[in-house]
Amino acid sequence: MTNLAPRLRLSVADYLAAEDGADVRHEYIDGELYAMTGASDRHGLIVGNLYAFLRPRLRGTGCQLFANDMKVRLAIAGQDIFYYPDLLLGCDPHDRETYYRRHPCLLVEVLSDSTARLDRREKFLAYQTIASLQAYVLIEQHLRAVEIYRRYRDWAMEHITEGSLRLDCLDVEVSLDTLYEDVPLPI
């Protein structure tokens with residue numbers, strides 16, 4: 001019989017302190033840390049394009065937009081969870097913690113080979129527990145394709161390959177041409 005040593009769990013306070021200024025970011029699930037991988041050029045361009053399109057449209061709305069470095073905090077079945085979405089939009093004026101948001105209205109992930117499964121399953125299910133969340137957007141980086149899941153459609157997937165993507169949280173549409181501007185895609 002093997003005696004396994006109990007795993008030490010990091011407290012939320014210790015996690016937040018360790019992430020502040022850390023060289024490597026970590027997602028946090030019930031006391032355990034998961035290192036984040038680096039992003040490709042396509043990933044960075046897509047996030048940058050969407051951020052650049054949305055940021056000017058936020059002036060005067062009270063909404064705040066974050067790319068890559070703002071955590072979303074969830075509490076599911078007594079577990080604290082922190083994820084780093086690629087883009088987070090929050091419009092709740094009472095949701096202003098320094099290192100995370102609890103009540104975003106829009107979350108965006110750019111899919112990669114190493115994260116697509118996690119983004120489509122674990123994060124998708126977890127994000128549905130956020131009462132303020134109106135839409136969850138997954139953007140492919142190897143082809144022009146976007147999946148959007150909307151609360152008012154019972155989280156049914158819409159697959160978009162042409163035209164534009166409607167973001168109800170801000171009452172705007174962003175074209176796929178804008179999302180994929182300067183992004184090298186295979187022919």
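Each value in this text was obtained by applying a stated rule to the coordinates, not by laboratory testing. This structure is a prediction, so every number in the text was calculated from the model and none was measured. All Cβ positions, glycine included, derive from the backbone under ideal geometry; neighbour counts span all protein chains shown.
Some observations on this one:
- Computed magnitude of the charge dipole of the range 1-152 (debye, nearest 20; Cβ of K, R +1, Cβ of D, E -1): 560
- When the Cα positions of ALA75, VAL183, LEU87 are compared along the charge dipole of the chain, ALA75 comes out farthest toward the positive end, with charges on each C-beta of Lys, Arg, Asp and Glu.
- Relative contact order of the chain: 16 percent, from C-alpha pairs under 8 Å at least 6 residues apart in sequence.
- Rounded FRET efficiency, nearest 0.05, which uses the C-beta distance separating GLU173 from HIS94 and R0 of 22 Å: 0.20
- Of the trypsin sites (Lys or Arg not before Pro) in the range 23-122, those whose Cβ has at most 13 other Cβ within 10 Å and which sit in DSSP loop: ARG59, ARG96
- If only the Cβ of Lys and Arg carry +1 and only the Cβ of Asp and Glu carry -1, the dipole of the range 6-62 around its Cα centre is close to 420 debye.
- Estimated inter-spin distance, SER11 and ARG59, nm [label 7 Å along Cα→Cβ]: 4.4
- Note on GLU122 and ALA22: the model spin-label points, each 7 Å out from Cα along the C-beta direction, lie 1.5 nm apart.
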